[in-house]
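The values are calculated or read from the model by the stated rules, or taken from the named source; none is laboratory data. Note that the coordinates shown come from a computational prediction; the quantities given were computed from them, not determined experimentally. In this analysis, Cβ positions are derived from the backbone assuming ideal geometry, glycine residues included, and neighbour counts consider all displayed protein chains. These accessible areas exclude ligands, DNA and RNA; they are computed on the full protein's heavy atoms, side chains included. Shrake-Rupley method; radii C 1.70, N 1.55, O 1.52, S 1.80 Å.
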Amino acid sequence: MSEEHTDPAPKDETALGLFSRVAPEGGLQPGDLVALVVSLIWLALVGGFFLFAETGDGSGALGSIMVLVAIFAPLALIWIAAITLRMSREVRAETRRLQATVDAMRHAYINQTQAGLNRGAVEKRLDEIAAAAKHTETALTHMAARRPTERVPPSADRKAALVGPKPAPAAEEQPALALGSTGEEGREPISVTDFLRAMNFPDSQNDKDGFRALRRALEDHTTSKLVRAAQDALTLLSQDGIYMDDLRPERAKPEVWRRFAQGERGRPVAALGGVRDRSSLALTSGRMKQDTIFRDTSHHFLRQFDKTFQEFEKNASDQEIAALSETRTARAFMLLGRVNGIFD
């Protein structure tokens with residue numbers, strides 16, 4: 001199976017994985033507090049008036065109605081103004097977000113136009129990718145990963161997320177050169193906890209645990225390939241206004257994920273394509289057909305997720321597989337996998 005892929009240029013670490021949309025502010029706003037204070041002042045003035053003013057006898061029912069209108073009409077106007085002010089702030093915030101989305105789409109269109117100059121090289125690369133994908137599919141249909149025997153599971157903070165490579169047979173071993181140890185030697189494998197945090201990417205710039213896990217994943221040779229591929233895919237999806245936090249896919253049982261890791265395709269694993277958001281599916285499908293760079297990036301991400309998840313499934317519990325399915329990386333896999341038809 002071909003492993004060649006040109007990694008994108010390094011990016012600022014603070015921008016890695018920040019694909020969540022900022023939630024609107026809740027609670028009382030300054031305008032609401034002002035309206036509340038003015039209402040209390042008005043009620044105090046009205047109470048003082050009735051307390052110290054002399055009341056007449058001939059007011060009648062009509063007079064009582066006019067008094068009630070005079071009391072509550074200003075209160076209604078005050079709160080209408082406060083609500084209108086809040087709605088205007090929300091409209092302005094939504095306008096700014098839409099403008100940012102339009103700017104991102106315009107930037108993506110310009111990049112796509114410029115990339116068209118290298119269309120010949122891209123088409124050659126796509127042919128290589130298609131051949132590698134066909135070879136991968138053939139190999140996966142003949143693979144059946146064996147689950148380990150039941151044992152007491154170690155803590156997720158200490159248990160390795162991926163099964164390490166098996167040692168080479170003695171006949172195939174070659175004498176090691178005395179060149180010193182490499183960076184990978186002596187380093188503990190990434191834990192399940194850090195792996196899951198890295199697959200979800202940091203929630204904000206203040207997510208210290210998320211960035212620590214992300215750096216740990218980038219130091220791991222196998223996991224770093226999936227992290228970079230997922231970052232590229234999520235970045236391209238966000239340019240079309242598609243955020244993984246907005247998707248609510250139907251949950252698939254861990255048994256279905258294990259069947260996929262063990263090579264099953266088609267109807268037995270159709271539950272993995274649980275994304276039902278029509279707009280996201282339509283935008284992704286349209287860009288998949290028109291944007292060759294997006295298609296190249298998506299296929300590379302799907303292969304890396306498939307390969308890494310095969311190793312993760314061998315050492316993961318059902319709860320850990322369910323936790324992985326809730327990450328942003330897994331949701332991107334469900335969306336792109338359904339668009340590419342790997343669950344059909």
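Among the numbered conditions (1) closer than 23 Å to residue 222 by Cα; (2) at pLDDT 90 or above, the only one that residue 292 does not meet is (1).
Taking each residue of region 212-228 that is farther than 16 Å from residue 330 by Cβ and without any contact (Cβ under 8 Å) to a residue 24 or more places away in the chain and looking for partners that are in a helix (DSSP H, G or I) and among the β-branched types (Val, Ile, Thr) with beta-carbon atoms closer than 9 Å, six or more apart or interchain, yields 218/227. Only residues that are in a helix (DSSP H, G or I) and surrounded by fewer than 20 Cβ atoms within 10 Å (Cβ to Cβ) were counted in region 270-298, giving 16. Pairs are defined by a Cβ separation below 6 Å, a sequence spacing of at least 6 or placement on different chains, a first member in region 89-102 that is part of a helix (DSSP H, G or I), and a second member that is open to solvent by less than 80 Å² (accessible area, probe 1.4 Å); the pairs so defined are 101/241. What's the number of the only condition in (1) free of Cβ contacts under 8 Å to residues at least 40 places away in the same chain; (2) within 18 Å of the chain's Cα centre (by Cα) that residue 253 fails to meet? All conditions are met except number (2).
Name the residue that is least open to solvent (accessible area, probe 1.4 Å), counting only residues in region 66-115 that are closer than 30 Å to residue 45 by Cβ and among the small types (Gly, Ala, Ser). It comes out as 82.
For region 295-306, a residue qualifies if it is in contact with an Asp or Glu (Cβ under 9 Å, 6 or more places away or on another chain) and farther than 17 Å from residue 127 by Cβ, and exactly one does: 301.
From the list 251, 228, 259, the one residue that fits, being of a type in the set (Lys, Arg), assigned to a loop (DSSP other than H, G, I, E, B) and open to solvent by 50 Å² or more (accessible area, probe 1.4 Å), is 251.
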